[in-house]
Structure formats: structure tokens, C-alpha cells
1. Farther than 25 Å from residue 237 by Cα and either surrounded by 17 or more Cβ atoms within 10 Å (Cβ to Cβ) or more than 20 Å from the chain's Cα centre (by Cα) (or both) - does that describe any residue in the stretch 83-95?
2. Can you tell me which residue within the stretch 204-224, out of those that are assigned to a loop (DSSP other than H, G, I, E, B) and at pLDDT 90 or above, is surrounded by the fewest Cβ atoms within 10 Å (Cβ to Cβ)?
3. Of all residues in the stretch 1-35, how many are within 20 Å of residue 228 (Cα to Cα), free of Cβ contacts under 8 Å to residues at least 40 places away in the same chain and part of a strand (DSSP E or B)?
4. For the stretch 160-175, check the following and say yes or no: at least one residue is assigned to a strand (DSSP E or B), touching a residue at least 40 places away in the same chain (Cβ under 8 Å) and not assigned by TED's automatic domain parsing to the domain that holds residue 216.
5. Would you mention how many residues in the stretch 36-70 are assigned to a helix (DSSP H, G or I) and surrounded by 21 or more Cβ atoms within 10 Å (Cβ to Cβ)?
6. Just the residues that are modelled with pLDDT of 90 or more and assigned to a helix (DSSP H, G or I), please, taken from the stretch 193-203.
7. Looking at (1) surrounded by fewer than 18 Cβ atoms within 10 Å (Cβ to Cβ); (2) within 23 Å of residue 40 (Cβ to Cβ); (3) out of contact with any helix residue (DSSP H, G or I) (no Cβ under 8 Å at 6 or more places or on another chain); (4) in contact (Cβ under 8 Å) with a residue 12 or more places away in the chain, which is the one condition that is false for residue 79?
8. I'd like the residue in the stretch 134-152 that is under 27 Å from residue 241 (Cβ atoms) and in a loop (DSSP other than H, G, I, E, B) and, out of all such residues, is modelled with the highest pLDDT.
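The values are calculated or read from the model by the stated rules, or taken from the named source; none is laboratory data. Treat the numbers as computed from the prediction; the structure is a model and nothing was measured. Heads up, the Cβs are rebuilt from the backbone with ideal geometry, glycines too, and the neighbour counts pull from every protein chain shown.
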């Protein structure tokens, strides 16, 4: 299927690894001119090389920390306009509620929410003026099923849904859409360390860690395995495409059936 992305520009934040990298790779292979952002030059260069090696020739990296106001400004200065904005940047951690300090709450909110707020605020008006654009937030199933050991993380993911739906309401009658995707636990950088942090035996082999995690912490999953980043990227690429023009203000599950709902 031709996603009709030739000539479109796309900015993907947090794109040096995991879900973000696969989203950028998929968009580039579909013909989009892709910009990936990151805060580590070596990882940024590696990501750009990886995308080019897999057939995405129109890609460049911008060194900027989109989690800060200064970094967001630097990114917008380097990329004044974009057709597609994928707010993928995000962090997570497992921590007991009583151990989550004020700074932890603020830090996760700055990274996971404010990065998307600042960049959407910068690019959204131009999309409306051109009567075409795509804003996509990479949220999480934790927005709907708040993990008791990650309440601060869940809060930021729920906030992204509110932001996405609110922005979608401002697109009425235009060719701009704003949507969210809700991945479940995904095989990305740092996931094994996270599985060890919640395992009964942190020294267990990765397949055992994965099996125990789904048995103990995500028993409702129909997939019963980690999602591959490409599985998320395929949905995001469709939402970025002109073919998804009737999908707006939606929160689309790609979480392996964790969330037991027929909404």
C-alpha cells in the first residue's frame, strides 16, 4: 500500500532507539523527509545511519533535548515547519507512590507532556494555515490502566490523551488531524532492565523475565509477549498518511489486548 508520504516532512522526537527509531525508519522508507531528534550526538548519528542503511535516504538528525524549553526552541529553529509531528519522547520508571518525590513528578511531566506541548504549539498553527498536517502522540496503555508502581508515569500518559483530544477539537473543518496511539509493553531500549526491576529473580534469563512480567503484572494481555517496535510504527505511519484523513481525535490501542474494552 502506498501511504502517499512522498515529499511530506516528518519530525520524530526521541527517535534514536526503540519505538521512535522504528517510526522514523518506517516514515523514511515510505518517502517522507524525516528529521530525528536526540540529545546524544553519537546515538543520533547511529540512528541516521541505520535509517539510511534500511532504505530511508531523506533523513537528518538534530541534536536537541526536546524535554527542555531551550531544547525545544533549538529544534524549532532547526526545523521551522513540518507536515507531521510525532511526539514520541518519553521516559518511565517503576517506583512506589510514597517514594515518588516532587521532582520525579515534575521531571516526568516535563519530558513526557511538556515536550509535546511546546512542539505542538510551535508547529500546529502552520499546519492549520496550510490546511494539512498530522500531530501524533505516543501515549501508553498506562494512560487507561494506571500501574500501581508507575502512577506518575500513568498520569503523564493520561495527560497526553487530554492534550491530543483538545488539539483535535481545534482542527474542525480542516485537513489537520491529531491522534494518540497507546502501545503496551514494547521491546525497546531499557526494557530488560525494567523487567529485572519488577522480577522476583532479577538474574533470570530475558525470556523468563518476560514470561513472569506478563503472568504477574499484565495478565490481561492477549498477546502475552512484548510488542515489537515495528508493530507500533506501522500504525503511526498510517496515521501520518493522507489515507487516515477520517481518523481524528482518536486514541488507538496497539497494546496487545491489555485493555479490556469495546469502546
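1. yes
2. Within the stretch 204-224, the match that is surrounded by the fewest Cβ atoms within 10 Å (Cβ to Cβ) is 205.
3. Residues that pass the stated criteria total 0.
4. No: zero hits.
5. Summing the residues that are assigned to a helix (DSSP H, G or I) and surrounded by 21 or more Cβ atoms within 10 Å (Cβ to Cβ) in the stretch 36-70 gives 3.
6. Passing the criteria: 195, 196.
7. (1)
8. Ranking the candidates gives 139 first.
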